Amino acid sequence: LLRERRLQNYLRSLIKVESSNKLSDTDYHRILPCGSNAGVLYGLTKIHKDNCPIRPIISAVGTYNYKLAKFLNEILSPLATNNSHILKDTFDFVNKVSNLDHETDKYMLSFDVESLFTNIPTLETIDIIVKLVYTKNRKYFHGLTKQEFSKLLIVCTQQTNFQSNNDFFDQVDGVSMGSLLGPLFANIFM
């Protein structure tokens, strides 16, 4: 409840700016949290691995920063999808492989990073995102300054709490599995 109130107050401050560059009323109402709950921890079994370990997932639906994370993911997705090294889906992979010249020596590498999301350095990734978004002369992005935008990214990645067995915890390392920004942060950092 306290985090929800803090985010509400911060978002209000962003629309009260006496400038033409401010968070739009539409975006404000779209991301304003109300009646939120803590995320919920659950596990998915990794049936493809020995001993079937559990992958911890945090359901962020209904959390105080869920709508904000969804908004940020939508406006930042072009940063990750406009990269020739990232595949959109299986069809994109098949299309790219079928268009290769098969007479030359080509190699394909695949990397599996252990615990990728929880090992993403969030502050470093936020710095990368800010540098990509705020180019030389750009002072505002969706009406937000670099500092305002960075703070919103921090709220969605470093100030995430969840509940498990009636106890509350904070995500302290990386981005949680289940976060809307998890895949985006992983793609941008990698």
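Summary of values
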read-out	value
Folded to 0 to 90 degrees: helix 66-81 orientation relative to the chain principal axis, Cα	40 degrees
Largest to smallest principal axis extent of the C-alpha atoms in the range 110-165, angstrom	45, 35, 14
Accessible area per residue, Å², the range 7-70 with all protein chains present, probe 1.4 Å	61 Å²
Loop-located trypsin sites (Lys or Arg not before Pro) in the range 36-81 whose Cβ has at most 12 other Cβ within 10 Å (DSSP)	K46, K49
Calculated P(r) tail over 14 Å for the range 1-74, as whole % of Cα pairs	68 percent
From phi via Karplus (6.51, -1.76, 1.60), per-residue ³J(HN,Hα) for the range 119-128 in Hz, x at Gly/Pro	9, 6, x, 5, 5, 5, 5, 4, 4, 4
Stokes-Einstein diffusion coefficient of the chain, Kirkwood radius over Cα pairs, 4 °C, 1.567 mPa s, in µm²/s	70 µm²/s
Over 21 Å between alpha carbons, listed pairs K22/K146; K46/K70; K131/K151; K88/K136; K22/K70	K46/K70; K88/K136
Portion, in percent, of the accessible area of the range 45-190 that falls on carbon or sulfur, probe 1.4 Å	52 percent
Percent of Cα-Cα distances greater than 24 Å, calculated over the range 77-190	41 percent
Selection from V133, T145, F117 lying farthest towards where the dipole of the range 95-153 points positive, charges on Cβ	T145
The range 54-190, relative contact order [Cα under 8 Å, separation at least 6], %	41 percent
Low-density loop positions, GluC sites (Glu not before Pro), the range 104-190 - DSSP coil, at most 12 other Cβ in 10 Å	E114
Furthest towards positive pole of dipole, P56, P183, N73, structure part the chain, Cβ charges	N73
Partner aspartates and glutamates for K106 [C-alpha distance under 19 Å; skip if fewer than 8 residues away on the same chain]	D92
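The values are calculated or read from the model by the stated rules, or taken from the named source; none is laboratory data. Quantities reported herein were computed from a predicted structural model and do not represent experimental measurements. Using ideal geometry, Cβ is built from the backbone for each residue, glycine included, and neighbour counts are taken over all protein chains shown. What goes into the accessible areas is simple: the full protein's heavy atoms, side chains included, and nothing from ligands, DNA or RNA. Shrake-Rupley method; radii C 1.70, N 1.55, O 1.52, S 1.80 Å.
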